[in-house]
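So the structure is just underneath, and the comments pick up after that.
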Amino acid sequence: MQTDPPRSVYALIPITPVMTTADYAPLGVARAVAQRCGGSARAVLIGDAPDAIEHACRLGLDAVWVIPPTAGPLQPHQIAEMLADALSSYEAGHYTNDSLFLVAAGSVGEEIAGRLAAKLKAVPLGKCKHFAFDPEGRMSVQRNAFGGRLEMTLDCHEGPFVAAVRKSDEDSAPEIPDTVDTAVHHLPYREPKQTAYDILTQPRAEEHAGLEGARLVVSGGRGMGNDTGFTALYELAARLGGAVGGSLPAIDAGWAPVARQVGQSGKYVSPEIYLAIGISGTPQHMAGIDPHTKIIAINKDPDAAIFKMAHIGVVADWQELLPALTHELDKTGH
Ligand SMILES: Cc1cc2nc3c(=O)[nH]c(=O)nc-3n(C[C@H](O)[C@H](O)[C@H](O)COP(=O)(O)OP(=O)(O)OC[C@H]3O[C@@H](n4cnc5c(N)ncnc54)[C@H](O)[C@@H]3O)c2cc1C
């Protein structure tokens with residue numbers, strides 16, 4: 001469906017020292033959505049971005065604008081400010097009322113989305129998927145509610161719109177056009193506005209890897225029995241290069257810090273693999289795991305609900321299985 005002027009779909013990506021595939025999700029979604037509506041797919045990147053530029057060119061985005069890196073790390077409000085400046089001054093193309101701005105889902109991305117929507121007087125849609133268009137070019141999107149138990153369809157009439165996206169269906173199979181020559185524009189350096197207040201960065205209180213951006217999460221539930229069980233999880237996670245998570249009962253019992261709770265009232269994680277040990281698989285817990293994540297479940301109850309959602313299920317007592325797994329890792333030098 002061709003709109004007039006063509007709808008522009010922007011992937012907005014701040015570059016950080018450690019980028020994951022989830023951080024690049026807006027590029028694939030922008031490409032796929034623009035393809036479906038006959039619009040143009042664009043990207044605005046902040047930072048030292050050769051990998052992101054290459055990624056955007058590979059996906060056949062129509063244009064990429066690069067804002068040079070700043071001296072230090074940026075706060076979400078500074079990123080929103082820089083994006084809003086670049087977009088409003090028409091340096092990054094000409095956006096219209098039906099333009100769609102996409103950021104990567106996650107705590108930082110969603111803060112940027114909210115702040116950017118306020119600055120551009122755009123409509124914040126939240127975390128969305130399945131962007132679709134009717135014959136008049138109006139957009140509808142789907143959004144989860146109540147921890148993923150309800151799905152809402154939002155009809156979007158007048159924008160521009162800002163949405164947070166994950167590696168979603170749109171990302172999985174955009175058709176890559178072979179004729180598009182991505183135009184890469186370099187924007188002048190912008191000094192981020194100074195914050196009106198000092199931001200103190202506290203070093204993490206623990207030395208273990210954090211959940212954010214982890215490619216593997218080793219998560220324990222009430223079935224771990226006690227905090228000694230979690231010591232085994234930390235060791236396993238460290239050996240496999242992952243991070244430890246936990247269900248609410250495990251966190252409530254004090255076996256791991258609150259920052260590691262996964263689920264409806266905890267964190268949303270999108271690793272490639274989620275190893276769930278002694279976790280029954282309640283909707284409140286599963287609401288914190290990205291649908292694209294592969295779940296491996298270890299549970300001694302063959303009827304545990306998690307086996308219905310797991311890609312690999314092992315019926316076993318973790319106290320027997322983990323030592324055997326550790327033994328195998330020893331043999332392979334991990
Ligand atoms: C509003 C609300 C918000 C909530 N938010 C969250 C949330 O964010 N995150 C969350 O996790 N929960 C949340 N909950 C709680 C949720 O409903 C469940 O109580 C919780 O997820 C259950 O955690 P669990 O799977 O660890 O425990 P259980 O359901 O008790 O499951 C323990 C599992 O361990 C297995 N097991 C026991 N011993 C072993 C062993 N030796 N080896 C292998 N397996 C073993 C058992 O078979 C069982 O399946 C929320 C609830 C409410 C009402």
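The values are calculated or read from the model by the stated rules, or taken from the named source; none is laboratory data. All values reported here derive from a predicted model rather than from experimental measurement. Backbone-built Cβ (ideal geometry, glycine too); neighbour counts: all protein chains shown. Heavy atoms of the whole protein, side chains included, go into the accessibility calculation; ligands, DNA and RNA do not. Shrake-Rupley method; radii C 1.70, N 1.55, O 1.52, S 1.80 Å.
Before moving on, here are some points about what is shown:
- Number of residues in the stretch 78-101 that are of a type in the set (Phe, Trp, Tyr) and surrounded by 20 or more Cβ atoms within 10 Å (Cβ to Cβ): the value is 2.
- Test: Met82 is touching a Gly at 6+ places or on another chain (Cβ under 9 Å) and in contact (Cβ under 8 Å) with a residue 40 or more places away in the chain: no
- Criterion (under 26 Å from Thr21 (Cα atoms), assigned to a helix (DSSP H, G or I) and either at pLDDT 95 or above or open to solvent by 30 Å² or more (accessible area, probe 1.4 Å) (or both)) met by exactly one of Gly126, Gly114, Gly109: Gly114
- Qualifying position, being assigned to a loop (DSSP other than H, G, I, E, B), not acidic (Asp, Glu) and not assigned by TED's automatic domain parsing to the domain that holds Gln264, among Ala71, Ala43: Ala71
- Residue in the stretch 273-287 that is open to solvent by 80 Å² or more (accessible area, probe 1.4 Å), under 20 Å from Ala237 (Cα atoms) and more than 19 Å from the chain's Cα centre (by Cα) present: no
- Against the conditions (1) in a loop (DSSP other than H, G, I, E, B); (2) within 16 Å of the ligand (Cβ to nearest atom), Glu191 satisfies every one except (2).
- Ala243 being away from the ligand (no atom under 11 Å from the Cβ) and closer than 22 Å to Leu329 by Cβ: yes
- Test: residue in the stretch 313-323 that is surrounded by 11 or more Cβ atoms within 10 Å (Cβ to Cβ), within 19 Å of Glu272 (Cβ to Cβ), near the ligand (Cβ under 8 Å from one of its atoms) and of a type in the set (Val, Ile, Thr): no
- Residues being assigned to a loop (DSSP other than H, G, I, E, B) and surrounded by fewer than 15 Cβ atoms within 10 Å (Cβ to Cβ) - total across the stretch 213-251: 2
The rows are residues; the columns are (1) more than 7 Å from the ligand (Cβ to nearest atom); (2) modelled with pLDDT under 95; (3) closer than 24 Å to Ala205 by Cα.
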| site | (1), (2), (3) |
| --- | --- |
| Ala238 | yes, yes, yes |
| Ser265 | no, yes, yes |
| Glu272 | yes, yes, no |
| Pro283 | yes, yes, no |
| Asn299 | no, no, no |
| Ala305 | yes, no, no |
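- Here the stretch 252-263 is the region considered, the condition is being within 8 Å of the ligand (Cβ to nearest atom) and outside any loop (DSSP other than H, G, I, E, B), and the residue that is most open to solvent (accessible area, probe 1.4 Å) is Gln261.
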